Amino acid sequence: MTGKTAVVTGAGSGLGRRIARALLGSGHRVALAGRRAEALRETANGDANALVVPVDVAEPGAVEGLFAAVRDQWGRLDLLVNNAGVSAGGTVADLSVEDWRRTVDTNLTGMFLCAQQAVRLMRDQDPQGGRIINNGSISAHVPRPASVAYTATKHAVTGLTRSISLDGRAWNVACGQIDIGNAATEMTGPMASGVPQADGHLAAEPTFDAGHVADAVLYMAALPLDANVQFLTITATTMPFIGRG
């Protein structure tokens, strides 16, 4: 994979940071996209193959600028890891419209905007083609309590993935989705002390090393474009997913 180019959104922390560093370690040139420039520089850690591009993926003009920077810097794009996302807690009865829109703008519209710009670049470059990997989440399958906005967007990401996969065939663009459950990051830290379950009680949940997620992305990214992992689910073995509820 040496010399291939990639964009990773949400690269300033958590899974995005782990994935971006794994891609850099495998020889990719990686554009690190996210809202916090300092956090992106920490991810880059001085790597000459990292390009720091502060961006809000919910802003169309900013997303256009991100992919223009990649085109100007490297001339092509081989991989987009569509990872940026936010989570707003709330039931269907009490979630604010503002929190709903913020979640949809980032988790769904942001993924669409990045995918659109990536596909256009992959379509127009020579040789043509590339790969997109969308971060779906276990919530693309089943919800947690009080997660209506997050769950709705992650279910929608599955439809986005399928549509990109179909449309992308015309331009040699492959698209797959990775659904992740309880990878150990800053976000999943509270799981050790207990999180709400479907029956109303609190329970501690197991996590697993986020490095395994990065390894899974590397596997998906290393495939030739005539092969695709359409959906990959990776979880802590004993998390309450199979049989949830």
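Could you please let me know if ALA192 is at pLDDT below 95, farther than 30 Å from GLU98 by Cβ, surrounded by fewer than 17 Cβ atoms within 10 Å (Cβ to Cβ) and out of contact with any strand residue (DSSP E or B) (no Cβ under 6 Å at 6 or more places or on another chain)? If you could, list the steps in order and put the result at the bottom.
Details: at pLDDT below 95: yes; farther than 30 Å from GLU98 by Cβ: yes; surrounded by fewer than 17 Cβ atoms within 10 Å (Cβ to Cβ): yes; out of contact with any strand residue (DSSP E or B) (no Cβ under 6 Å at 6 or more places or on another chain): yes.
Yes; evaluated as a whole, the condition is true for this residue.
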Practice problem: Take GLN197 and decide whether it is in contact (Cβ under 8 Å) with a residue 12 or more places away in the chain and over 18 Å from the mean Cα position of the chain (by Cα). | Solution: yes
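For segment 98-115, indicate whether the set of residues that are over 25 Å from ALA31 (Cβ atoms), of a type outside the set (Asp, Glu) and out of contact with any Cys (no Cβ under 9 Å at 6 or more places or on another chain) is non-empty. Quick ask: steps written out before the conclusion?
Quick first cut of segment 98-115, residues over 25 Å from ALA31 (Cβ atoms) only: 98-101.
Still in the running and of a type outside the set (Asp, Glu): 100-101.
Applying the additional criterion that residues be out of contact with any Cys (no Cβ under 9 Å at 6 or more places or on another chain) yields 100-101.
Within segment 98-115 (the criterion being over 25 Å from ALA31 (Cβ atoms), of a type outside the set (Asp, Glu) and out of contact with any Cys (no Cβ under 9 Å at 6 or more places or on another chain)), the answer is yes, since at least one residue qualifies.
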Self-check item: Condition broken by ALA192, with the remaining ones in (1) closer than 22 Å to SER87 by Cα; (2) in contact (Cβ under 8 Å) with a residue 24 or more places away in the chain satisfied
Solution: (2)
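Search segment 85-135 for residues being part of a strand (DSSP E or B) and of a type in the set (Gly, Ala, Ser), and hand back the single one that is nearest to MET187 (Cα to Cα). Give the steps one after another, and end with the answer.
Restricting attention to segment 85-135, the residues satisfying the condition of being part of a strand (DSSP E or B) are 90, 130-135.
Now narrow it down to the ones that are of a type in the set (Gly, Ala, Ser): 90, 130.
Working: GLY90: 17, GLY130: 30 Å.
Looking at the filtered set, the residue picked out is GLY90.
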Quiz item: Restricting attention to segment 28-54, which residues are aliphatic (A, V, I, L, M), crowded, with 17+ Cβ neighbours inside 10 Å and assigned to a helix (DSSP H, G or I)?
Solution: ALA39, LEU40, ALA44
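Based on what the data block shows, is VAL57 surrounded by 24 or more Cβ atoms within 10 Å (Cβ to Cβ), part of a loop (DSSP other than H, G, I, E, B) and either at pLDDT 95 or above or of a type in the set (D, E, K, R) (or both)?
Numbers: surrounded by 24 or more Cβ atoms within 10 Å (Cβ to Cβ): yes; part of a loop (DSSP other than H, G, I, E, B): yes; either at pLDDT 95 or above or of a type in the set (D, E, K, R) (or both): yes.
When the stated conditions are applied, VAL57 passes them.
Take VAL53 and tell me if it is in contact with a strand residue (DSSP E or B) (Cβ under 6 Å, 6 or more places away or on another chain) and of a type outside the set (Gly, Ala, Ser). Talk me through it step by step, then tell me what you get.
Values: in contact with a strand residue (DSSP E or B) (Cβ under 6 Å, 6 or more places away or on another chain): yes; of a type outside the set (Gly, Ala, Ser): yes.
Yes, satisfied.
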Quiz item: If you take the residues in segment 118-143 that are within 19 Å of LEU223 (Cα to Cα) and under 18 Å from the mean Cα position of the chain (by Cα), which one is surrounded by the fewest Cβ atoms within 10 Å (Cβ to Cβ)?
Solution: VAL119
Self-check item: Tally, over segment 164-203, of residues that are under 19 Å from ASN107 (Cβ atoms), acidic (Asp, Glu) and outside any strand (DSSP E or B)
Solution: 1
Quiz item: Which one of the conditions (1) part of a loop (DSSP other than H, G, I, E, B); (2) crowded, with 19+ Cβ neighbours inside 10 Å does MET239 fail to meet, given that it meets all the rest?
Solution: (2)
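Determine whether THR91 is surrounded by fewer than 18 Cβ atoms within 10 Å (Cβ to Cβ) and under 15 Å from the mean Cα position of the chain (by Cα).
Taking the combined requirement at face value, the residue does not satisfy it.
With the requirement that a residue be among the hydroxyl-bearing types (Ser, Thr, Tyr), closer than 25 Å to PRO127 by Cβ and part of a loop (DSSP other than H, G, I, E, B), what does segment 1-27 give you?
Of segment 1-27, the ones among the hydroxyl-bearing types (Ser, Thr, Tyr) are 2, 5, 9, 13, 26.
Next cut, closer than 25 Å to PRO127 by Cβ only: 2, 5, 9, 26.
Listed by number, the residues that qualify are THR2, SER26.
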Quiz item: Can you name every residue in segment 201-218 that is within 20 Å of GLY89 (Cβ to Cβ) and touching a residue at least 24 places away in the same chain (Cβ under 8 Å)?
Solution: ALA203, GLU205, THR207
Quiz item: Across segment 151-177, which residue is nearest to VAL86 (Cα to Cα) among those that are touching a Lys or Arg at 6+ places or on another chain (Cβ under 8 Å) and surrounded by 17 or more Cβ atoms within 10 Å (Cβ to Cβ)?
Solution: THR151
Quiz item: Across segment 178-189, what is the total count of residues that are over 25 Å from LEU95 (Cβ atoms) and surrounded by fewer than 15 Cβ atoms within 10 Å (Cβ to Cβ)?
Solution: 0
Quiz item: Just checking, which of THR235, THR207 is of a type in the set (S, T, N, Q) and in contact with a Ser or Thr (Cβ under 7 Å, 6 or more places away or on another chain)?
Solution: THR207
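The values are calculated or read from the model by the stated rules, or taken from the named source; none is laboratory data. What you see is a predicted model, and the numbers here were worked out from it, not measured in a lab. We place every Cβ from the backbone using ideal geometry, glycine too, and count neighbours over all the protein chains shown.
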